[in-house]
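FYI, it's all coordinate maths here, none of it is from the lab. Because the structure is a prediction, the values reported are computed rather than measured. FYI the Cβ positions are ideal-geometry reconstructions off the backbone, even for glycines, and counts take in every protein chain you see.
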Amino acid sequence: MIEKFIHSIIGQKLLGKLPFLRQFIRFALVGIINTIIDFGVYLLLTRIVILTNNHNYLLANAIAFITAATNSYFLNKYWTFLNSEKENEVYQYCKFVLFNFLGLVIVEAILYLLVYYFGVYDIFAKMIAMLFNVWLMFYLTRKFVFREMKRF
């Protein structure tokens, strides 16, 4: 169903010629799902469990980010990049986690700077940090984790 929707918007010929574009669209769709997971966990922890004292919003963000990153690995491996490699799966997962940890550090730094030094509302600051992270993670994931480029 999602594939038909993508084809109707962009066109089969264009997607056939630009598999990179199809991967990015899939990556973006996985990102939307992960964003919902990320924000859902973050809001649950900061608004319901009340992890807002001192810098606990950073702990809530880390938990939310890790939850979404785990989901992201499986969806990106098997759907976005069509990577069925089993031999080095543990190594591949470790690289994915390492790059996502790098992303987490960057998101945490941006979130902290925007909230603490610039007084930006935490939800807005998180959105800014996540937008930057999407581009960084697509590049790193495509180039270093799921290198094999499969044709669709």
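Here is how the numbers come out for the structure above:
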read-out: Cα centroid separation, the range 92-152 to the range 61-88 (Å); value: 13
read-out: Cleavage-rule hits (trypsin sites (Lys or Arg not before Pro)) in the range 25-110: DSSP loop, at most 10 neighbouring Cβ within 10 angstrom; value: 86
read-out: Computed magnitude of the charge dipole of the range 21-152 (debye, nearest 20; Cβ of K, R +1, Cβ of D, E -1); value: 480
read-out: Packing-based order for 116-125, 57-66, 102-111, using average beta carbon neighbours within 10 Å, highest first; value: 57-66, 102-111, 116-125
read-out: Spin-label model distance (nm) - residue 39 vs residue 70, 7 Å beyond Cα toward Cβ; value: 2.2
read-out: Residue exposure sequence - 79, 135 - by fewest surrounding Cβ within 10 Å; value: 135, 79
